[in-house]
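What follows is one structure encoded as structure tokens, with my remarks underneath.
The values are calculated or read from the model by the stated rules, or taken from the named source; none is laboratory data. A quick note: this is a predicted structure, and the numbers were derived from the prediction, not measured. Cβ: placed from backbone, ideal geometry, glycine included. Neighbour counts: every protein chain shown. Note: areas computed on protein heavy atoms with side chains; ligands, DNA, RNA excluded. Shrake-Rupley method; radii C 1.70, N 1.55, O 1.52, S 1.80 Å.
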Amino acid sequence: MMLRLCCCLLICHAAWAGDLSSRLDAVLAAPGPAWSLALARIQSLDEGLIDPASLQPAWSRYSLRALRQLAAHERGCEGDLSSVPALWRDFERRRCTDGRLPDDWLRLHPVHPLGGSSAGHWRQGRSRAEVADWLHVRERDDELGRLGALSDDNLDALLAGSRWLWQDGALWRLRDGYWRVYPAAAWRERAEAAGVRVSAGAGACAERLDGLCLNPTPASAMPWRALWAGLAGLALAGGGWLAWQRRRLERERRFALQMLTHELRTPIAGLAGVVEGLRRDFDRLPDSAQDHFGHLAGGVSRLRQLAEASRHYLSADRLDERRQAVRLAEWLDAIAERHQAAFCLNEDATLLLPAYWLGLCLDNLLVNARRHGRPPWRLLADWDGRSLTLTVCDGGRLADYRLRRLTRRGSGGEGMGLGLAIVRRVLARLGGRLRLSGPPTRFSLQLPAKRAPQQDFPL
């Protein structure tokens with residue numbers, strides 16, 4: 001009898017939960033959207049022109065010296081550009097001499113090293129109409145510029161494929177090839193009257209639509225109490241209470257991590273604003289403060305990337321494996337400089353790499369090397385045309401050179417086991433692997449890598 005009762009409750013629960021989204025559909029069908037935007041228009045943009053992270057300087061891809069030289073030259077069209085890659089040296093010279101860019105240049109290089117679109121930097125002193133199609137959504141004043149009003153979270157969710165967004169009480173919905181926007185005044189009271197309460201963020205939800213949380217209004221709470229009472233009785237009668245408790249605790253831990261990642265975004269955004277203010281006054285800072293600013297800016301950029309990566313890691317079944325063109329020598333030089341290590345490269349090349357996740361792995365290994373190993377600390381890179389091997393080595397000696405034991409029990413030094421476990425798991429998801437050999441201690445990362453298409457244009 002108890003089993004039949006709970007089965008009936010589960011069926012009622014499914015019908016009730018599914019009914020919430022149907023009711024919301026009916027509510028939104030009546031007033032019509034305040035405005036709409038074709039998905040095809042959004043898809044015509046490069047992802048970098050939507051991604052809010054593109055508005056920050058690319059600290060992980062370019063050295064502080066290169067960014068400093070580029071910023072100074074952009075202000076006065078004078079100064080040294082020796083540390084700036086040839087591609088952007090030519091861009092600056094053409095910009096300052098009122099030259100012209102090749103037809104496909106802005107399409108191939110949409111994001112500028114200093115942050116923002118390349119078109120936004122190129123348009124200085126020129127007609128906006130010349131480059132309007134290649135501006136970041138937060139630099140535009142046309143219909144695509146309305147996307148720029150979305151929060152960082154919502155822009156990230158849009159890029160990740162969400163079909164529902166919540167922005168300041170307004171609902172954004174993707175349906176039939178159009179994003180439709182419904183202000184709060186057009187739907188909230190009608191939804192409440194239909195028995196649907198809509199909110200944003202994490203929490204207990206009868207039904208979740210991407211970032212939206214749907215629950216019945218309080219007058220409709222009785223079916224939920226009956227449902228949970230029936231489920232609790234079934235769990236107790238079937239002896240499954242402990243298993244249910246374990247699943248509940250796991251969900252709570254995951255929710256706590258999601259909340260922590262979400263809450264970190266506000267102070268990080270505040271720090272990013274401070275960094276932006278200091279960057280505008282960079283030339284007035286003393287030399288010692290300029291060096292400290294570089295470390296601060298790089299740290300804030302990495303914190304934001306880490307918060308974004310953590311959010312996607314917790315909400316998706318796999319990592320964001322998008323690859324970008326990376327010049328090995330410049331990228332490795334920036335990583336080695338952060339850890340006061342030397343690096344050696346057999347042949348420089350521009351490869352398509354998951355730069356953020358690979359950089360995270362190298363940072364973990366180099367921190368472990370300095371904490372647990374001995375000098376000299378070195379970073380070696382070898383690309384054979386098909387795969388890239390990155391090796392972090394030091395002059396120390398481990399008590400055990402079995403990687404599985406280190407990742408499971410640690411190495412006798414606090415922190416190494418967790419760091420190696422992260423590296424190993426990330427590499428496995430990227431199609432690579434981690435190896436350990438020694439003494440001297442050598443951690444090697446190997447993953448497939450292809451050369452990036454040639455995109456430089458002639459000087």
Could you count how many residues in the stretch 389-408 are open to solvent by less than 30 Å² (accessible area, probe 1.4 Å) and touching a strand residue (DSSP E or B) at 6+ places or on another chain (Cβ under 6 Å)? 5
Of the criteria (1) part of a strand (DSSP E or B); (2) on the phi > 0 side of the Ramachandran plot, which one Gly385 fails: (1)
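Residue under question is Glu143, and the condition is that it be open to solvent by 20 Å² or more (accessible area, probe 1.4 Å) and more than 30 Å from Arg338 (Cβ to Cβ); does it hold?
yes
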Answer yes or no: is there a residue in the stretch 179-199 that is in contact with a helix residue (DSSP H, G or I) (Cβ under 8 Å, 6 or more places away or on another chain) and exposed (fewer than 14 other Cβ atoms within 10 Å of the Cβ). no
From (1) at pLDDT below 85; (2) open to solvent by less than 80 Å² (accessible area, probe 1.4 Å); (3) closer than 26 Å to Trp59 by Cα; (4) not charged (D, E, K, R), pick out the condition that doesn't hold for Ser127. (3)
Any residue in the stretch 325-341 that is under 11 Å from Arg378 (Cα atoms) sitting within a Cβ distance under 9 Å of a residue that is surrounded by 18 or more Cβ atoms within 10 Å (Cβ to Cβ) and among the acidic types (Asp, Glu)? List the pairs, counting only those 6 or more apart or interchain. Ala341/Asp394
Where residues in the stretch 130-152 are touching a Ser or Thr at 6+ places or on another chain (Cβ under 7 Å) and outside any loop (DSSP other than H, G, I, E, B), which of them is nearest to His109 (Cα to Cα)? Trp134
Every pair of residues 6+ apart whose Cβ atoms lie under 8 Å, when the first sits in the stretch 436-455 and is of a type in the set (A, V, I, L, M, F, W, C) while the second is surrounded by fewer than 16 Cβ atoms within 10 Å (Cβ to Cβ) and part of a loop (DSSP other than H, G, I, E, B): Leu436/Tyr401; Leu436/Arg402; Leu447/Gly431; Ala449/Arg386
Selected residue (only one of Arg424, Arg378 is at pLDDT 85 or above and either buried (at least 18 other Cβ atoms within 10 Å of the Cβ) or within 15 Å of Ala449 (Cα to Cα) (or both)): Arg378
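Say we look at the stretch 295-321 and pick out the residues that are basic (Lys, Arg) and either more than 19 Å from Arg425 (Cβ to Cβ) or modelled with pLDDT of 75 or more (or both); which of these is most open to solvent (accessible area, probe 1.4 Å)?
Selected residue: Arg302.
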Would you confirm whether or not the stretch 322-344 contains a residue that is closer than 16 Å to Leu430 by Cα, out of contact with any strand residue (DSSP E or B) (no Cβ under 9 Å at 6 or more places or on another chain), open to solvent by 20 Å² or more (accessible area, probe 1.4 Å) and not in a strand (DSSP E or B)? yes
For the stretch 34-81, how many residues meet the condition of being over 15 Å from the mean Cα position of the chain (by Cα), over 24 Å from Leu351 (Cβ atoms) and part of a helix (DSSP H, G or I)? 13
Residues in the stretch 134-157 that are more than 14 Å from Asp46 (Cβ to Cβ) and among the hydrophobic types (A, V, I, L, M, F, W, C) total 3
Scan Leu87, Leu81 and give me the residue that is surrounded by fewer than 19 Cβ atoms within 10 Å (Cβ to Cβ), of a type outside the set (Phe, Trp, Tyr) and under 17 Å from Asp46 (Cβ atoms). Leu87
Is it fair to say Gly161 is closer than 24 Å to Gly32 by Cα and either among the small types (Gly, Ala, Ser) or assigned to a strand (DSSP E or B) (or both)? yes
Please state which of the following conditions Gly18 fails to meet, knowing it meets all the rest: (1) modelled with pLDDT of 80 or more; (2) open to solvent by less than 40 Å² (accessible area, probe 1.4 Å). (1)
Only one of these conditions is not met by Ser118: (1) open to solvent by 50 Å² or more (accessible area, probe 1.4 Å); (2) closer than 22 Å to Ala66 by Cα; (3) free of Cβ contacts under 8 Å to residues at least 40 places away in the same chain. Which number is it? (1)
Given the condition touching a His at 6+ places or on another chain (Cβ under 7 Å), surrounded by 15 or more Cβ atoms within 10 Å (Cβ to Cβ) and under 20 Å from Gly48 (Cα atoms), answer yes or no: does some residue in the stretch 91-112 qualify? yes
